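Here, each number is a calculation from the coordinates, and none is a lab measurement. On a predicted model such as this, the values are computed, not experimentally measured, just so you know. FYI the Cβ positions are ideal-geometry reconstructions off the backbone, even for glycines, and counts take in every protein chain you see.
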Amino acid sequence: MPEGTVEVELIKGHDLKDVETFGKSDPFVNLTIGGQKHRSKTIHDGGKSPIWNESFLFEIPHGPQALDIHILDQEKHGADEAMGSLTIPLSQLFAERQIAPCKYKVQLPNGKFQGELEIGLKFFPKVHHGVLDVHLIEAHGLLDSDALGKSDPYAAIYCHKDIQRSRVIERSLNPVWNEHFRFNVNNEVTEVLIKLFDKDDMRSDDPLGNVVIPLDKVFADGETAPMKYKVLGSKGQPQGDVSVALKFSSMD
Ligand SMILES: [Ca+2]
Ligand SMILES: [Ca+2]
Ligand SMILES: [Ca+2]
């Protein structure tokens, strides 16, 4: 998962189960992503519907994929009492950048429903500065989209708003390009998109499928060895593969 900052907006509890024998619970929340922890303030006598309206920032490295939340009732004497917990996977947040406030189910370890917690989420991908070298090596098993002869494949490589094109290899379903494309990176880019086309004369070029290459690994390691990536058609069907190696020279 990408590096960046996760903002958790802890809004309020809805119909939480009261665990206090006398009076009302004094709820507070422990929030964890990977090894990082935040604790909310305690809402004394907050009871079933404590209102926090607090925000927490997590600077996350490449890796963690879930937010763990534990609600506890603060006690003056003895250990704080568990009021329930929940886990929110972060993959949707990484893809959409923002999840509007909504209610998440709170449960005990035995699965018992304990009410709901209203939470909003935002993700700000880390901005990288440097030069990305995309080494387009070759492709195998591409679609034949010409009636006579074979496809004449070329690649359009998208990095943030930059687009570069490879040369056309005539009449080959296993083209070898061995070309390097250098992109200046100064933005939140998280992946490179490669669109393959068959060059046609007298008509528009036929699409041969797309490849998406996540950049997490090259940002973390500085280099990724040549690797095969699946070419997918418009309905997600496999249409061959492309070999690509990446290098990133960071200027941070
Ligand atoms: Ca208490
Ligand atoms: Ca064609
Ligand atoms: Ca053609």
>> For the range 1-84, place one equal point scatterer on every Cα, skip the solvent, and apply the Debye formula. What is log10 of I(q)/I(0) at q = 0.15, 0.17, 0.20 Å⁻¹?
In response: -0.57, -0.69, -0.87
>> How large is the Rg to Rh ratio of the range 45-119 when both quantities use alpha carbon positions and Rh follows Kirkwood?
In response: 0.99
>> Let me understand the chain better: what is its radius of gyration from the alpha carbons, and its Dmax, in angstrom?
In response: 25.1, 84
> Using helices alone, what [θ] at 222 nm do you get for the chain, with -39,500 (n - 2.57) per DSSP H run of 4 or more residues, divided over all residues and rounded to the nearest 500?
Replying inline: -1000 deg cm²/dmol
> Past the 26 Å Cα-Cα mark, which pairs from LYS105/LYS235; LYS150/LYS228; LYS48/LYS103?
Replying inline: LYS105/LYS235
> What ranking do MET83, MET251 get, fewest neighbouring Cβ atoms within 10 angstrom at the top?
Replying inline: MET251, MET83
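How high is the relative contact order of the range 149-252, given as a whole-number percent (alpha carbon pairs under 8 Å, six or more residues apart)? Mind showing how you got there, number by number?
Values: 193 pairs, mean separation 21.1, N = 104.
With pairs under 8 Å counted, the relative contact order is 20 percent.
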>> Tell me the net charge near GLU118. Cut-off is 10 Å between Cβ atoms, GLU118 excluded, with +1 for each Lys or Arg and -1 for each Asp or Glu.
In response: 0
> So what's the Cα pair-distance distribution over the range 104-220, bin width 10 Å, in %?
Replying inline: 12, 32, 20, 15, 11, 9, 2
